[in-house]
Amino acid sequence: MGLNVVQKILSEHLIGGELVPGREISIRIDQTLTQDATGTMAYLQFEAMGLDRVRNELAVSYVDHNTIQVGYENADDHRYLQTVASKYGIVYSRPGNGICHQLHLERFGAPGKTLLGSDSHTPTGGGIGMIAIGAGGIDVAVAMGGGPFYLTAPKVVKITLKGKLRAWVTAKDIILKVLQEFTTRGNVGCMFEYAGPGLKHLSVPERATITNMGAECGVTTSVFPSDDVTRAFLEAQGRGGVWRELVADPDATYEKEITINLSKLEPLASAPHSPDNVVTVASLAGLKVDQVMIGSCTNSSYTDLKTVAKILEGRTAAPGVSLGVAPGSNQVLKMLADGGSVGTLLSAGARLLENACGFCIGNSQSPQTDAVSLRTNNRNFEGRSGTKSAKVYLVSPPVAALAAISGQVVDPLTVTDIKYPRVKMPKAFTIDDAMFLAPSVDPASVTVVRGPNIGEPPRNTPLPEAIRGVATLKVGDKITTDHIMPAGARLKYRSNVPAYSQYVFEPCDTGFPKRAAELRDAGKQSIVVAGESYGQGSSREHAALCPMFLGVKAIVAKSIERIHAANLVNFGILPLLFETAADYEAISQGDELVLEGVREALKAGAERLIIRNVTRGVDIPVKADLSQRQRAIILAGGLLNFTKNC
């Protein structure tokens, strides 16, 4: 029986376990990436492990999230990141160089390699034929030290693309169609693999848009084959030597297969407040728009922004629209400038934003009160933009550009006065790697600089014999890591867990940190109760680390998303699942809860535990869906303790 692309790459990197869907496996990681919002803690954890040098093929530290330096905290973190990279053998990408995923695709990604990144949109690398997976920072730290990465052997879903996109229909519409089909829930343990005759019409940046937003479906990653299109992109980047052909065997099998006819797609949008709330752009036509933001790791490539510039050429943003454009990398910005497109954007009234994540994570360009904001990024969770009352729609760059000049949503298929500009991929990209700093050849001479906001990563205590506590918080479905650990301006505390912990669950319940801390100080534990798809969104491990610091010992939910579940385990928090949806109703916030004998039950491999709701006098069965290794980590009180004990 033949192998698909996922199986070929995983087989080449398999260290332990069998490639049987649902079973835990361990793989070798070739490349790692971090970004500054998660990287500071990842490197603190790397140092805490006592390692003297990175041991994987390539480690890159990008600075792209908190580049706005209001106060000393972000600047201090950047200096720490630069010095720790120099000392330990890590390539450092300076602030302003660009967004990690765009940069890694341009300068480092290679077909057939594995990439582990402390950012949930690391699967962008799948557009170039990599198995690229987002994870918590501590998992990346272990991989940098040469350790394996553990995951569930995936179910592989084949998505066949046929036909060719019409004018005004883009790769963004393909992934929105996929989100419409699969939604943001129920895809844990899956990987998407793209195939079919339609692939030859999609460039690597277009493929990367699709794999980038596959993260919103909750899949482990998405991957495209490596073919002649991939080779052309790598050659244009001056890296043709890393190309290899990588395609599925003719008799490869899949868990599930669907087909999307590109010729029949129309422009789509994600309506507030979830990426899978997909509607047609035509259905939104006439909606007044207050803000348009173009960029992010999803749609900030040269071809994306060149297309936008051509649409805006000779036109000006409507008076009521605030228009911002953020190139994905220095390369993109230079090529736009050299070709005259920067002048076009400025003449159209665009604000040229830094080559960074910026507006996507809500640390700049927050919309006005009650605004309608069209954005080309990947998430539109309520309040993520920095303005809770704003309504954020996710659209393609052409749809965003048309809205900017008209002041309202326009169905591009009805446009007659603007010809759709088909921008071809360059034969050669402008190469300038001056913003990448190589590590020191004399690491002993490098002093790692730590500012006053940078603390040691806190450790948990071993799991107690019994968990006796309170349901300190009960929340509903689709609680994201932004709900648990707010991003935006709060991210400047990412290196200071005690300070950052004061904002845990801030969008849901501002009183949570105080209640949890009081319980912790009284020797009791907190348990959080949640609905479906708990922990979706960012890979930010602070969404587990900070609750752990406040004394949270268990999360009980209808379902928990992959990266967050792994992060909970890594910090010694027990992830538990309700056996039935009805059991969720058996607990109210404030109820006294007890799990007797939990330590012995985990040691014995028990998959079914009982929560005693003392307040209501009822027993609630829950599932502990954990591998033997994960049980050992939780018993030790987290991965740092577990690694030290080993």
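Read-outs throughout are calculated quantities, based only on the coordinates presented, and are distinct from any laboratory measurement. This structure is a prediction, so every number in the text was calculated from the model and none was measured. As a convention, Cβ positions derive from the backbone with ideal geometry for all residues, glycine included, and neighbour counts pool all protein chains shown.
Summary of values
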item	result
Too-long pairs where the Cα-Cα distance tops 30 Å, listed order kept, from K200/K310; K256/K553; K558/K603; K155/K623; K162/K391; K172/K391	K256/K553; K162/K391
DSSP-defined beta bridges in the chain - what % are antiparallel, rounded to 5	35 percent
Tensor-based shape of the range 212-259 (alpha-carbon gyration tensor, a/c under 1.5 rounded, otherwise prolate or oblate)	oblate
Radius ratio Rg over Rh of the range 268-414, counting only Cα atoms, Kirkwood formula for Rh	0.93
Convex hull per residue volume in Å³, alpha carbons only, for the range 5-264	133 Å³
Gap separating the Cα centres of the range 567-615 and the range 462-488, nearest whole Å	12 Å
Net charge over other residues, Cβ less than 15 angstrom from the Cβ of N355 (K, R count +1; D, E count -1)	-3
For G145, distant residues with modelled amide H under 5 Å away	R55
Cα-centre dipole for the chain with unit charges at Cβ (Lys and Arg positive, Asp and Glu negative), debye to 20	480 debye
Share of Cα-Cα pairs in the range 368-407 lying beyond 13 Å, as whole percent	50 percent
Local electrostatic count, V441, Cβ distance below 13 Å [Lys/Arg +1, Asp/Glu -1]	+1
Stokes-Einstein translational diffusion, the chain - Kirkwood Rh over all Cα pairs, 1.306 mPa s, 10 °C, in µm²/s	64 µm²/s
Likely footprinting exposure, T430, T209, fewest C-beta neighbours within 10 Å first	T430, T209
Cα-only radius of gyration and Dmax that characterise the range 524-646, units Å	13.7, 42
Percent RCO, i.e. relative contact order, over the range 467-645, from Cα pairs under 8 Å lying at least 6 residues apart	23 percent
Neighbourhood net charge (9 Å Cβ-Cβ; Lys/Arg +1, Asp/Glu -1) for G137	-1
